[in-house]
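Nothing in this text is a laboratory measurement; each read-out follows from the coordinates by a stated rule. This one's a predicted model, so the numbers in the text were calculated from it and none came from an experiment. Here the Cβ positions follow ideal geometry from the backbone for every residue, glycine too, while neighbour counts run over all protein chains shown.
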Amino acid sequence: MRRVQIFSGSSHPLLTDAICERLGTSPAKVELKKFSNGETSVSVETSIRDQDVFIVQSGSDQVNDSLMEMLIMISACKGGSAKSITAVMPYFFYSRQSKKKSHRGAITARLVANLLSVAGINHVITVDLHAPPTQGFFGKPVDNLHAEPLIARWIKNHVPGWKEAVVVSKNPGGTKRVTSLADALKINFGLVTTDRRRSGTNGSLAGSGFLERMGDGGIESHISDTADTSPPNGTAAESEDSRIPPRIRTSPRLAPNINGASATSIPYRGLNGYTRSSPLAQSTRVDSASPPTNRIPVQREPVTNGPSRALRLEEKEEEEEDSANEYTDERAREVITGRLVQGHIVDDDAPSPVLSTMSASIATLPGDVMGQPQLDGLDPMTSSFISSTSAFQPDHSALGGSMDATAHSDDEEEGFKNPEFEHTVTLVGNVRDRTVFIIDDLIDQCGSWIAAAETVVKRGDAKKVYCIATHGLFGDNSLEQMEACECIDYIMVTNTYPIAPERVKTCKKLVILDISTLLSEAIRRNHHGESISALFQHFPD
Amino acid sequence: MASPNITRSREGSDSSFDSDSELFKHEIIKHDPAGLGTSKTPWQQTLAANRSTAPGDINDGLMELLIMINACKTASARRITAVIPNFPYARQDKKDKSRAPITAKLMANMLQTAGCSHVITMDLHASQIQGLSMPQTLHSSKLLIIAGFFNVPVDNLYAEPSYLRWIRDNVDVRKAVIVSPDAGGAKRATSLADRLDLNFALIHKERSRPNEVSKMTLVGNVKDKCAILVDDMADTCGTLAKAANTLREHGASSIVALVTHGIFSGNALKTLNDCDALSRVVATNTVPFSEKRKQCPKLEEIDVSPTLAEACRRTHNGESVSFLFSHAPME
């Protein structure tokens, strides 16, 4: 191509080489070094006057150095009278910090967008932005390319029996990404979601509620009570709706647990009545993909006999199905739950981290509003009021509309390692004896990936698990941990982000898909002024 | 009127700057007539103190500063003052060859884009003029160039009053002479010499490449005197060592170096330890270096945090800062 210069930053020279090779050119000469005091120095060694300049720089472990280098290169090209400057950032710096996560939190992605603009870019090319609205932070055109067609083609060519496979999202926020790929491959999809439960809080509240209600009854005696009465309830639940086979694969102890939870909830509600008095309370459930429920009043009624309990159980299931209905016509036949302690699936009778059997039983009930810890039950208005008037803060809520599913997907890693927390994993969709593709946009920490993989294998009896993402950041030693995880069979990422060659060698499961075709084609089309919309389309079979 | 919030940019491994910001706070509380201390509720003003350019992680520090400024901006701070004692990339302020980036200009744009409404820095105008090839630049101060990049006010403070106090306290002033290690620093050296009523000398060096010194010529008499070398920055210290050797050859009895920004990168410590002519190297704590003091006993520190704290206080209260150009506040 004439009158084009493609510069490579120091973060990912291999990718630039691959792009240039496809375009039949070579990277433009630039000297990148550091002064002895740590300041980055850039020296552009070829003429760029009135030429189209493309600067390829991805994130790296030294993200700030990469970013400064990029900014200085842009500034140098701008000062050197380039006709246009396009920043090619396969992985966009700070893309995960695209909204305020706490009071006075920084929106760093917007800051970076502004910095790039002020340095002098005219155009941005990137791949699979973590939050697509980040495009709006730039005053300049942004081409957000999709790796999905490449991934779909790879699946079709390399995965035996992919037509029977299931695409699974490991958090509710990623559902859109997953359904898109499922549609492209014309296969089913599923969803794994985790709810954080602070077992300590739960246990103490539930315990106190019990004592109040039961009068003299101890916890153990109550469990045995409910265990005795539970089987009829379970059968009632199934017989009421015989069209659909048992949709909850109950573990031996699940039925009594449901009873225990519903029984405790009555005094529990009484203790925290003020949180329910808000009219907003009904529309503030944020912990899963289910739509806001309007069934809370039903639960106010004392639940003491079998049929009404069974009714509530049905309603719970319908909720789960409603969420599935938003995306597909097929009803979810399977809702499977599991317990997650310190990032791993445990058996239902394993001891809870804080030695509270009650918290375990509450946590096993899927999507139960009443089983929520006190803080989670607060609606945003109340919590923001509380946080602005006192030092008390609900642990992960925030102002600025961050109480959505995506925020949870960003934060989900944080709680996994914490032994204080126990999580409930819910798997929606049938994965039995099938290959599973777990999809997200990036792999950084591995906790949620391993948890999702263990859920589909141990609870859902999946045959093979592929972890697929566009950006393989692999922070800390997550690549090694995923390699060691027996539930994961393959890890597939693209080469948008540099991975050290020695790490690649040690990881047998890792498959790296070359993305340079996509980027080079985008560069070529941009230079010639052609449409890039063909790059978003899937390859014909 | 509530007092400002001072935000420190990172828990440095180096303790000196931590103590600085503590001192900032301390000074401000001490001078605050209303005694309001650092109340948190209204965000009147934020002073983001960057730990400036510690070698190695300058870009990390810079990004951190920008993100902090932006966070304060989005949290509706009324005014955000960046206190950057050692302004990064100040040396790259012109297009000295084709297609070279003017990074100092980029820096100014970035700070303003992030939301900075005021900048306080120290000894910015210090000469980095390389060689005497452009005599006209002798009088063009770097302050004007870089301050011109900004559309917001830039307050440049001077370490000179702190120098003066140190010299009076530590050197026999009657037998001293101020020496500038390069022609660009002549103005600062003469200013200091005037204030102390001393003679001054100048070393003319020819520098072929940055951070490298080739030949040195001394102008002035240093025989049997205590030579005080004054420079704005000690980086690899090659210049200082060579200048000290030149002074020793010309009969100086003892040689002391005073610098504003002690970066001491590369093998600076080894150079200093090997240079017998140089007995003491004194730097201000705009850049943290107390770890390095353990490896090089010649290093000494002047605390400039009272000056910066007083500047913060005066800026916040809308008082004049120019008093600080000639006086160092008592510690």
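Among A:2, B:91, A:432, the ranking by other beta carbons within 10 Å of each residue's beta carbon, starting with the fewest, stands as A:2, A:432, B:91. Listed by chain and number, the lysines placed with their C-alpha closer than 20 angstrom to that of residue A:156 are A:186, A:463, A:464, A:509; residues fewer than eight positions away on the same chain are left out.
Sorted ascending by nearby beta carbons within 10 Å, beginning with the fewest, B:217, B:103 become B:217, B:103. Using Cα centres only, tell me the gap between region B:90-112 and region B:175-189 in whole Å. Their Cα centres are 28 Å away from one another. Averaged over residues, the count of other Cβ atoms within 10 Å places the peptides B:273-281, A:60-68 in the sequence A:60-68, B:273-281, highest first. Mean per-residue shielding of peptide B:88-96 is 3, counting Cβ atoms of other chains within 10 Å of each Cβ. Label sites at residue A:164 and residue B:253, each approximated as a point 7 angstrom past Cα along Cα to Cβ, lie 9.7 nm apart.
Peptide A:39-45 has a mean shielding of 6, counted as Cβ atoms of other protein chains within 10 Å of each residue's Cβ.
A simple rule links phi to the HN-Hα coupling: the Karplus curve 6.51 cos²θ - 1.76 cosθ + 1.60 with θ = phi - 60°, which for region B:256-273 gives 10, 10, 10, 10, 7, 10, x, 8, 6, 9, x, 9, 4, 5, 5, 4, 5, 5 Hz, with x for Gly and Pro.
Annotation: amide H of residue A:6 within the under-5 Å range of A:28, A:54, sequence separation 5 or more or interchain, hydrogens built in the peptide plane. Counting Cβ atoms of other protein chains within 10 Å of each Cβ in A:66-72 and taking the mean gives 5. Histogrammed with a bin width of 5 Å, the alpha carbon distances of region A:101-151 distribute as 4, 18, 26, 22, 13, 10, 5, 1 percent, first bin at zero. Under 5 Å between amide hydrogens, built in the peptide plane, is the criterion, and for residue B:236 it picks out B:265 among residues at least 5 positions away or on other chains. Here the relative contact order of region A:80-130, from alpha carbon pairs under 8 Å that lie six or more residues apart, stands at 53 percent. The residues A:84, A:26, B:265, when put in order of fewest to most other Cβ atoms within 10 Å, stand as A:26, A:84, B:265.
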